[in-house]
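**Q** So that we are looking at the same thing, I have put the structure below in structure tokens.
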Amino acid sequence: MSQLPEVINSSSYEVDVFVAPDEYYVIFSANRKKGNGRGDLYISFKTGKNWSSPKNMGSAINNKNHQLCPFVTRDGKNLFYTSDNDIYWVSSKVIDELKRTKG
């Protein structure tokens, strides 16, 4: 068993991790200082043996509620997640867009 590095595991909480089938990225819910609400979805990309600093997945996904349970469909086309008591989905193209952005 190995723990993900401190860049992902913070002093806050990180829950409901989704690992891409090729282990290229992880998406998880966390309550971090610069979030949009009680818990946002973040993504971290693997480059070699290292993981990038997690990026907030943005206001198109995150809001004042608690986003949880991220899941990308087997065909890789859609990202599903929950926000409080509701289920949402967006195009997984957001993942590629976040990979291209800095910060």
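The values are calculated or read from the model by the stated rules, or taken from the named source; none is laboratory data. Keep in mind it's a predicted model, so treat the numbers as computed, not measured. Note that we place each Cβ from the backbone using ideal geometry, even for glycine, and neighbour counts take in every protein chain shown.
**Q** Could you identify the single residue in Thr82, Thr73 that is touching a Cys at 6+ places or on another chain (Cβ under 7 Å), free of Cβ contacts under 8 Å to residues at least 24 places away in the same chain and either surrounded by fewer than 15 Cβ atoms within 10 Å (Cβ to Cβ) or of a type outside the set (A, V, I, L, M) (or both)? Explain how you work it out, then say what you get.
**A** Values: Thr73 fails: touching a Cys at 6+ places or on another chain (Cβ under 7 Å).
None of the other options fit; the residue is Thr82.
**Q** In addition: Out of (1) at pLDDT below 95; (2) in contact with a helix residue (DSSP H, G or I) (Cβ under 9 Å, 6 or more places away or on another chain), what's the single condition that is false for Glu14?
**A** The number of the failed condition is (2).
**Q** Restricting to the stretch 49-81, what's the tally of residues that are of a type in the set (Gly, Ala, Ser) and more than 16 Å from Gly37 (Cβ to Cβ)? So that I can check it myself, show each step before the final result.
**A** Start the filter on the stretch 49-81 by keeping residues that are of a type in the set (Gly, Ala, Ser), which leaves 52-53, 58-60, 76.
Applying the additional criterion that residues be more than 16 Å from Gly37 (Cβ to Cβ) yields 52-53, 76.
Adding up the residues that qualify gives 3.
**Q** Spot the failing condition for Phe45; the list is (1) surrounded by 13 or more Cβ atoms within 10 Å (Cβ to Cβ); (2) within 16 Å of Asp16 (Cβ to Cβ), and only one is missed.
**A** (2)
**Q** On to the next question. Against the definition (touching a His at 6+ places or on another chain (Cβ under 9 Å), modelled with pLDDT under 95 and either surrounded by 11 or more Cβ atoms within 10 Å (Cβ to Cβ) or not β-branched (Val, Ile, Thr) (or both)), how does Asn9 come out, yes or no?
**A** Here the answer is no, as Asn9 does not meet what is asked.
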